[in-house]
Amino acid sequence: MSKLVTASRLDNVNYDIRGKVQQEANHMIAEGIDVLKLNIGNPAAFQMWAPPHTHDAIREHLQEAEGYSDSRGLLVARQAVADYCVKRKRIEGVTADDVFMGNGVSELIQMTLTALLNKGDEVLIPSPDYPLWTACVILEQGTPVYYACDEESDWNPDIADIRRKITDKTRAIVLINPNNPTGAIYDDEALKEIAQIAREHDLIILSDETYDRVIMDGLPHTSIAALAPDVVTLTFNGLSKSHRLCGYRVGWVVVCGPKEGTEEFREGLYLLASMRLCANVNGQYVVPDALADEGPDPVMMPGGRAWEQRNAIWESINEIPGVSAVKPKATFYIFPKIDLKKYPIHDDEQFALDFLHQKHILVVNGTGFNWPEHDHFRIVFLAEAEKLRYAARELGDFLEGYHQD
Ligand SMILES: Cc1ncc(COP(=O)(O)O)c(C=O)c1O
């Protein structure tokens, strides 16, 4: 057989979170080396288990979940999501008909962009981003255009930069709020300004709110759809992180805002949902029960495990000379900055690889999140506080003697 090659549409598609450095870590593990993997937000890998009541819902519906569901999802799940949107997120007028269930938010990001984009359409994406957004835009032959998020302003979006980047090809603005990889929660003022930009330029908002319940200290989170009922907003969420059920692949997208004029797009989503028959049904049965949680999640509150881990990594990272990080308010991620005057790094993937080889600790380089400079990296703070402090000490030690040719 001649060489089996990939389609050219994959040429510029990247997902560094599971990329070259992670593959090298896997080789090292296969050779028996103990690697501390701080690269993926998978709570179960760190024995951070789902709340026990979600297990009851899974067990209870095992047999009922044997068949396909409606392509959009089970009505009980969609109704629970609609109620959550209206009662908890204050998004007006959402009904079960506005909700599409998916195999995680990941599948729905791809389906949405397939339904939305024509070749050359531009999508405004935050930098840094969760790189699946960029990958899916490219896969659909759209063009990612990055707007800056400002580290000096708690990683809030730079509104002037968003305005500068709009052209007559712009179709949509992506928000990731709370944010992976920075741990930011966006201010209402920023959200209102983004909604205003969408209004002025007739853009659709794609708001990834996967972490809306993964918030420290009971801080509030606002869905942009609640502030802009007149703007079409697709709001994405799921149980992977809020209920630590990544493996069940439960996600949803809600078409919020005016219904008029969105009929064809909804039909497109329905077509794509039907082509993959349905999402994992057993996972969908957990949704009503999971969304009945009032919160806040004790693991994110003072003294809780994630809260302790966040503090441990934030404090110990900031103790390293020439390394600093904004304190994450949400998520499981911190995105520290390396002072390149002190440590002249010109290739951050090489930095991550060298750190892995020398210290057996796996982090993800910042350019993997479509950050333009080689001066950031992401740490997942799901490991125990003691391990995170150890990782930071090892990083300090590594950087002290590190230089790139
Ligand atoms: C911001 C963000 N969106 C979406 C996803 C995808 O999550 P899932 O497909 O498990 O719902 C992730 C996973 O890490 C994420 O961080």
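The values are calculated or read from the model by the stated rules, or taken from the named source; none is laboratory data. This is a predicted model, so every value here is computed, not measured. Methodologically, a virtual Cβ is constructed for each residue, glycine included, from the backbone with ideal geometry; neighbour enumeration extends over all protein chains shown.
When you look at residue 143, is it more than 16 Å from the ligand (Cβ to nearest atom), more than 20 Å from residue 231 (Cα to Cα) and surrounded by fewer than 19 Cβ atoms within 10 Å (Cβ to Cβ), yes or no? Walk me through how you get there before you give the answer.
Details: more than 16 Å from the ligand (Cβ to nearest atom): yes; more than 20 Å from residue 231 (Cα to Cα): yes; surrounded by fewer than 19 Cβ atoms within 10 Å (Cβ to Cβ): yes.
In short, yes.
Can you tell me which residue within the stretch 296-331, out of those that are in contact with a helix residue (DSSP H, G or I) (Cβ under 8 Å, 6 or more places away or on another chain) and among the small types (Gly, Ala, Ser), is surrounded by the most Cβ atoms within 10 Å (Cβ to Cβ)? Among those that are in contact with a helix residue (DSSP H, G or I) (Cβ under 8 Å, 6 or more places away or on another chain) and among the small types (Gly, Ala, Ser), it is 330.
Of all the helices (runs of 4 or more DSSP H) wholly in the stretch 203-318, which have at least 1 residues that are within 26 Å of residue 96 (Cβ to Cβ) and of a type outside the set (Lys, Arg)? Working first, answer last.
Values: elements: 224-227, 263-275, 281-291, 305-318.
Where helices (runs of 4 or more DSSP H) fall fully within the stretch 203-318 and carry at least 1 residues being within 26 Å of residue 96 (Cβ to Cβ) and of a type outside the set (Lys, Arg), they are 224-227, 263-275, 281-291.
Scanning the stretch 1-39 for residues that are at pLDDT 90 or above, hydrophobic (A, V, I, L, M, F, W, C) and outside any helix (DSSP H, G or I) yields 33, 35, 36, 38.
Results for (1) buried (at least 20 other Cβ atoms within 10 Å of the Cβ); (2) within 26 Å of residue 332 (Cα to Cα); (3) assigned by TED's automatic domain parsing to the domain that holds residue 180; (4) within 16 Å of the ligand (Cβ to nearest atom), shown as yes or no for each residue.
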{"site": "23", "(1), (2), (3), (4)": "no, yes, no, no"}
{"site": "97", "(1), (2), (3), (4)": "no, no, yes, no"}
{"site": "102", "(1), (2), (3), (4)": "yes, yes, yes, yes"}
{"site": "118", "(1), (2), (3), (4)": "no, no, yes, no"}
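For the stretch 216-243, the candidate set comprises residues that are more than 13 Å from residue 104 (Cβ to Cβ), crowded, with 24+ Cβ neighbours inside 10 Å and not hydroxyl-bearing (Ser, Thr, Tyr); within that set, the residue that is nearest to the ligand (Cβ to nearest atom) is 234. Counting only residues that are part of a loop (DSSP other than H, G, I, E, B) and within 19 Å of residue 132 (Cβ to Cβ), the stretch 347-376 holds 4 of them.
Within 13 Å of the ligand (Cβ to nearest atom), surrounded by fewer than 22 Cβ atoms within 10 Å (Cβ to Cβ) and touching a residue at least 12 places away in the same chain (Cβ under 8 Å), is that true of residue 171? If you could, list the steps in order and put the result at the bottom.
Working: within 13 Å of the ligand (Cβ to nearest atom): no; surrounded by fewer than 22 Cβ atoms within 10 Å (Cβ to Cβ): yes; touching a residue at least 12 places away in the same chain (Cβ under 8 Å): yes.
The answer is no for residue 171.
Residue 85 passes every criterion in (1) within 16 Å of the ligand (Cβ to nearest atom); (2) at pLDDT 95 or above; (3) not β-branched (Val, Ile, Thr) apart from (1). Evaluating residue 45 against the criteria (1) in contact with a strand residue (DSSP E or B) (Cβ under 9 Å, 6 or more places away or on another chain); (2) away from the ligand (no atom under 16 Å from the Cβ); (3) part of a helix (DSSP H, G or I) leaves one unmet condition, (2). Of all the numbered requirements in (1) within 12 Å of the ligand (Cβ to nearest atom); (2) more than 30 Å from residue 332 (Cα to Cα), residue 212 misses one, and that requirement is (2). Per the listing 223, 242, the residue uniquely at pLDDT below 95 and assigned by TED's automatic domain parsing to the domain that holds residue 96 is 242. Of note, residue 286 does not satisfy the criterion of being surrounded by fewer than 20 Cβ atoms within 10 Å (Cβ to Cβ) and β-branched (Val, Ile, Thr).
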